[in-house]
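Rule-based calculations on the coordinates, nothing more; no lab input. Everything quoted here is computed from the prediction, not taken from an experiment. All Cβ positions, glycine included, derive from the backbone under ideal geometry; neighbour counts span all protein chains shown.
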Amino acid sequence: MDVDEARWLTWEPGHGETLRAALERTLREAIRTGALRESVRLPSSRALAQALGVSRGVVSDAYGQLEAQGFLVTRSRTAPVVAGVPRTEVVRREPEAPARAPRYDLTPTTPDVTLFPLARWLAAAQHVARRASTTTLDYREPRGERVLREALADHLGRTRGVIAEPEQIVVVQGTAQGICSLLHVLSARGASRVAVEDPSHTTQHERIRAFGFELVPRPVDHHGMVVAGLEADAVLVTPAHQFPTGSVLSGERRRELLAWSHAGGGLIVEDDYDAEFRYDREPVRALQGVAPEQVIQLGTVSKTLAPALRLGWLVAPPGLADDAARTKRLLDDFSPALDQLTLAELLTRGHYDRHVRRARAVYRARRDRLLAALAKHLPELTVEGVAAGVHLLLRLPPGVDDRTVADAARNASIAVPPLSAFRIRPSDDGGLVIGYGRLHESTVAAATRSLAKLVRAHL
Ligand SMILES: Cc1ncc(COP(=O)(O)O)c(C=O)c1O
């Protein structure tokens, strides 16, 4: 600790307290609470006295007292060091026990991060960092790096039919921040009701509620979200691959939804979270590409690369994109620039596309194996969801409580959520939302056998 770092030591003698006693008390409290940790070297008595504007004797007396009490260790000619003493915890907390990894991780929201193209990422990051000028390392544009927005405009146009100028794209920290930015903008515009699919991702429910909106649940069937009767200022929807049921919003429902928006001005927020992974055919075009004035597309690399990158984007009509960029500035100024440039490099050099193709083949193989294993071990149950993404829905018969089954699975070290965990309103339709992203081919058979045994015990 140098003298500058000691400036936070605000100390004031109490009534009748000497300077020495006040300094001694302040240091003792800092040591007891852990603000000054064991082995931290304090400034020399001369330096601290100068910094605090007191005589050197005040500091050396205080140090001497603290040494006598066992709070400091001093050696001649060197500055004192904080001794190891039991701490008075300000708030006593048990250390968090590290969560034990389940034997079979069937979480539906997580990709296989071991597929992350680390060598490519590092090479691109190094290339970008070497070329970075001082301005690259400075405060940057809240909307995101221009080269990334240009690369995304090309990429999304080519792969998702999205129609966007780079100015309409705002780079955000994952879908999570994209949604929060939009909710912020909607709130400022006086919106009060936001609809979501029921079931859907629970954190989306929490976000909508946290911003003070009324959460309007919309039922979902084999054709995706039911549009008839929708009343809200905005709706958050997963048209290409409904999460978690796995249906695709049908052509008719897409038309209904656009007509709803056209008639009343309601905004459609399209969570396009895993459209890169469709295995049986080309994914349906993003809704944004059909109605760029009414739809905001949210995208992410959480499924294709890794959630830890916190890289995503929103594509919005110009006015809304401006508002979202202003919100982005309020939130965190801008997303980390070097990571954005690295992603742009992967996109423009074709590495991103190649990686997605490779990952798609892996997930497709895992899905095929899982389907075959489920057909063998639980032939009486139906599997729902199109051949896409990294999850499917195993329906349970009416009357079987999916939470009980999921609890039993957890006790058997199988992590798989029940469908009801994603619901806003209770329903008798239960199921297990099975993720195969992390289910290595070699473990599919054993995992399915264990799961089937346990499910069967509840049928
Ligand atoms: C429905 C849905 N949307 C978006 C995401 C990605 O969120 P983020 O980009 O914040 O990581 C996920 C990830 O599991 C998801 O399930």
Local charge sum around Ala359 (other residues, Cβ-Cβ under 12 Å, Lys/Arg +1, Asp/Glu -1)?
-> +3
What translational diffusion coefficient, in µm²/s and rounded to a whole number, does the Stokes-Einstein relation yield for segment 1-58 at 25 °C and a viscosity of 0.890 mPa s, taking the hydrodynamic radius as the Kirkwood radius over Cα pairs?
-> 207
From fewest to most C-beta neighbours within 10 Å, the residues Glu252, Glu24, Glu380 line up as Glu380, Glu252, Glu24
Please report the orientation-averaged projected area of segment 387-459, defined via the convex hull of its C-alpha atoms, in nm².
-> 5.1
Could you work out the mean projected area of the convex hull around the alpha carbons of segment 201-257, in square nanometres to one decimal?
-> 3.9
Output for segment 198-250: GluC sites (Glu not before Pro) sitting in coil per DSSP, at most 16 other Cβ within 10 Å, listed by number, reads Glu231
Under 27 Å Cα-Cα from Lys376, which lysines qualify once same-chain neighbours fewer than 8 residues away are excluded?
-> Lys453
Distance from the Cα centre of segment 85-129 to that of segment 272-327, in angstrom?
-> 25
Would you please calculate the Kirkwood hydrodynamic radius of segment 1-152 over all C-alpha pairs and express it in Å, rounded to one decimal?
-> 20.8
Between the DSSP loop rule and a limit of at most 10 other Cβ atoms within 10 Å, which trypsin sites (Lys or Arg not before Pro) in segment 50-127 are left?
-> Arg75, Arg77, Arg92, Arg93, Arg100
Order by protection proxy (mean Cβ within 10 Å, highest first), peptides 191-201, 280-290, 354-364, 123-133 | 191-201, 280-290, 354-364, 123-133
Descending Cα extents along the principal axes, the chain, whole Å = 85, 55, 45
Direction-averaged shadow area of the convex hull around the Cα atoms of segment 357-421, nm²?
-> 5.1
